[in-house]
Amino acid sequence: AQKITQTQPGMFVQEKEAVTLDCTYDTSDQSYGLFWYKQPSSGEMIFLIYQGSYDEQNATEGRYSLNFQKARKSANLVISASQLGDSAMYFCAMRYNSGTYKYIFGTGTRLKVLA
Amino acid sequence: DAGITQSPRHKVTETGTPVTLRCHQTENHRYMYWYRQDPGHGLRLIHYSYGVKDTDKGEVSDGYSVSRSKTEDFLLTLESATSSQTSVYFCANWAGQSNQPQHFGDGTRLSIL
C-alpha cells in the first residue's frame with residue numbers, strides 16, 4: 001500500500017544552522033510526485049518544493065532542497081540557514097500519477113528554531 | 001494566490017445535524033480535494049473530484065458525501081454529523097500539471113458537540 005512515513009514528530013534546530021527533515025515513502029508506481037508543505041501556527045498550508053520521480057537532479061528552492069534517493073525511497077527536506085520563521089509543522093506528501101492523482105500525506109514533523 | 005475560498009471558516013453544530021462545507025475556486029482547475037486534519041494523522045483525503053460530476057473516494061470517506069455540479073464549487077456534506085468528525089477541513093485544487101502542486105484553502109474548523 002502507498003504510504004508516507006515521517007519518523008520525527010518534533011525537532012529543534014539552532015538559528016542559522018541547517019536541518020534535515022526525514023521522509024520515506026512506499027509505492028510500487030514508477031511515476032509519482034513528492035512534495036513538502038509548511039504549516040505555520042496560523043494554519044495555512046504553504047507549498048515549499050516538488051520532486052518528480054523521473055527527475056534526476058535534486059530539487060532546490062531558495063533555502064529548501066530535497067534530497068531525493070529513489071532506490072531508498074526517501075525524500076528528505078533540507079533547510080539551510082534556519083530562521084525563526086521556519087518554526088512550523090512540515091508535511092511530506094506524494095501524488096500518485098497512475099490515473100487517480102490522489103495525494104497521501106505523512107503525519108508531519110514539528111520544527112522549532114531556537115534563537 | 002490559488003484563489004480558493006472555504007466557507008464557513010468556523011462552525012459549531014450538534015450531533016446528528018447535516019453540515020455542508022463549501023469550497024470555491026477562481027481558477028477553474030480540474031481537480032479538487034477535501035481533506036481532514038487531525039493531530040497525529042496529518043492530512044487524510046476524504047473525497048476528490050477530477051471534473052464536473054466526477055468524484056471518487058479517499059481513505060476516510062465514510063460518513064461524507066461530495067458534489068461538484070460546476071467547475072468552481074466542490075461541496076462536502078456530513079449527512080448526520082458525529083463527534084468523530086470534529087476536525088479541521090481543508091480543500092485543495094490542482095491544475096493537472098505534474099510539476100505543479102496542490103494549493104489549499106485556509107481551512108474550516110468544525111466542532112460537533
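Observations, loosely collected:
- Applying the Karplus relation 6.51 cos²θ - 1.76 cosθ + 1.60 with θ = phi - 60° to the stretch A:16-22 yields 3J(HN,Hα) values of 6, 8, 8, 9, 10, 9, 8 Hz, where x marks Gly and Pro.
- FRET efficiency, A:Gln57 to B:Thr82 (Cβ-Cβ, R0 41 Å, nearest 0.05): 0.30
- Between the listed residues A:Thr27, B:Gln25, A:Tyr54, the Cα displaced farthest toward the positive end of the dipole of the protein assembly as shown, a dipole computed from Cβ unit charges relative to the Cα centre, is found at A:Thr27.
- The charge dipole of chain B, taken about its Cα centre with unit charges on the Cβ atoms of Lys, Arg (+1), Asp and Glu (-1) only, comes to about 80 debye.
- Cβ-derived FRET efficiency at R0 22 Å, A:Thr5 paired with A:Ala81, nearest 0.05: 0.25
- Rounded to the nearest 20, the size of the Cβ-charge dipole of the stretch A:1-54 about its Cα centre is 40 debye, with Lys and Arg at +1 and Asp and Glu at -1.
- Total charge dipole magnitude, chain A, about the Cα centre, Cβ charges on Lys, Arg, Asp, Glu only, Debye to nearest 20: 200
- Sequence-ordered 3J(HN,Hα) estimates for the stretch A:104-109 from the Karplus curve with 6.51, -1.76 and 1.60 and θ = phi - 60° stand at 10, 10, x, 7, x, 10 Hz, glycine and proline given as x.
- ³J(HN,Hα) computed for each position of the stretch B:8-22 - Karplus, 6.51 cos²θ - 1.76 cosθ + 1.60, integer Hz, glycine/proline x: x, 7, 9, 8, 10, 8, 9, 3, x, 8, x, 9, 10, 10, 10
- Cβ-Cβ FRET estimate between A:Tyr96 and A:Gln14, R0 fixed at 30 Å, reported to 0.05: 0.20
- Cα radius of gyration and Dmax for the stretch A:35-115 (Å): 13.3, 46
- Residue order, fewest to most surrounding Cβ atoms within 10 angstrom, among B:Leu43, A:Leu48: A:Leu48, B:Leu43
- Using the average count of surrounding beta-carbon atoms within 10 Å as a protection proxy, the listed peptides A:1-7, A:108-114, B:24-30, B:90-96 rank, highest first, as B:90-96, A:108-114, B:24-30, A:1-7.
- Kirkwood Rh, Cα atoms: Rg over Rh of chain B: 0.95
- The trypsin sites (Lys or Arg not before Pro) found in the stretch B:39-101 that occupy coil by DSSP, while having at most 13 further C-beta atoms within 10 Å, are B:Lys53.
- Contour excess over end-to-end distance, with Cα ends at B:Ser69 and B:Thr17 and 0.36 nm allotted per residue: 16.4 nm
- Cross-link table A:Lys3/B:Lys57; A:Lys38/A:Lys73; A:Lys3/A:Lys38; A:Lys112/B:Lys11, entries beyond 25 Å C-alpha to C-alpha: A:Lys112/B:Lys11
- Cα-based shape type of the stretch A:13-63, given that a ≥ b ≥ c are square roots of the gyration tensor eigenvalues and the cut on a/c is 1.5: prolate
Just so you know, all these numbers are worked out from the coordinates, no wet-lab data involved. Because the structure is a prediction, the values reported are computed rather than measured. Methodologically, a virtual Cβ is constructed for each residue, glycine included, from the backbone with ideal geometry; neighbour enumeration extends over all protein chains shown.
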